[in-house]
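> Starting off with a structure, shown below.
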Amino acid sequence: MKKSKFNMQIKINVPDGKSGNYEVETFTVREDDARLMRIRSIFGSGRGLIQPGEYKKLKRDGVMVMSNAPDEIRDFMPFVHRSRGSVLVNGLGLGVLLRALLAKDEVEEVTVIEKSADVIKLVAPTYAHDKRLTIIHADAFEYKPPKGKRYNCVWHDIWDTICSDNLPEMKTLHRKYGRCSDFQLSWCRRECEARR
């Protein structure tokens, strides 16, 4: 994993495929595309910085919901740096965060809660070899951790877009999992709060 502001990348080996209304697809960013994105970011939010190369995206009903592009990786890296011990992740996606967590020796176990059986079918086999991983097909709002279970860190990433409409669900999840965790974060919570 590179930590440069512009080169941050996590390669994933999830094969292209389709299940139900979800699809994993490889896409290529050409040099001209990357240059244009960098220029636009100067006048915008700073998001969207990307190097030329091959990336993966997860789509639902033909619309991209996530990728392994640097801006998405940058969003969860503070969580990765803090992660250790027992980690709970709400939302599997492409498994980009999962790959980063499993690369850390300090992470002893990762439990992923994923609502979509199709996402699990497409993505889970890529990570099934790691004995520290448990993927559970469940809804983050309904899942009940085992009695007495304590997580060192919990990550919530079940939203497709950065939107202040996500804040009530974030607060609900933080309340729910706060009882069984030492530390938790939600994807782009600060950005959502700033957009209120």
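> When the stretch 1-13 is examined, which residues are found to be in contact with a helix residue (DSSP H, G or I) (Cβ under 7 Å, 6 or more places away or on another chain) and modelled with pLDDT of 80 or more?
Ile10, Ile12, Asn13
> For the stretch 70-95, give me the residue count where each residue is surrounded by fewer than 16 Cβ atoms within 10 Å (Cβ to Cβ) and at positive phi.
Number of matching residues: 1.
> Conditions: (1) buried (at least 20 other Cβ atoms within 10 Å of the Cβ); (2) touching a Pro at 6+ places or on another chain (Cβ under 9 Å). Ser67 meets all but one. Number of the miss?
All conditions are met except number (2).
> Just need a number here: residues in the stretch 14-36 that are among the basic types (Lys, Arg) and modelled with pLDDT of 95 or more.
Here the count works out to 1.
> Determine which member of the set Met170, Met64 is closer than 30 Å to Ala194 by Cβ and assigned by TED's automatic domain parsing to the domain that holds Glu23.
One residue alone meets the criteria, Met64.
> Right, next: So Ala103 clears everything in (1) under 13 Å from the mean Cα position of the chain (by Cα); (2) over 19 Å from Tyr177 (Cα atoms) except one condition, right? Which one?
Evaluating Ala103 over (1) under 13 Å from the mean Cα position of the chain (by Cα); (2) over 19 Å from Tyr177 (Cα atoms) leaves (1) as the failure.
> Is it the case that Ala124 is free of Cβ contacts under 8 Å to residues at least 12 places away in the same chain and either of a type in the set (Val, Ile, Thr) or closer than 21 Å to Ser19 by Cα (or both)?
no
> Let me ask something else about it. Could we say that Ser186 is within 14 Å of the chain's Cα centre (by Cα), touching a residue at least 24 places away in the same chain (Cβ under 8 Å) and closer than 16 Å to Phe79 by Cα here?
For Ser186, the condition - within 14 Å of the chain's Cα centre (by Cα), touching a residue at least 24 places away in the same chain (Cβ under 8 Å) and closer than 16 Å to Phe79 by Cα - is met.
The values are calculated or read from the model by the stated rules, or taken from the named source; none is laboratory data. Here the structure is a predicted model, which is why all the values come from computation and not from measurement. Here the Cβ is made from the backbone with ideal geometry for all residues, glycine too, and neighbour counts use every protein chain on show.
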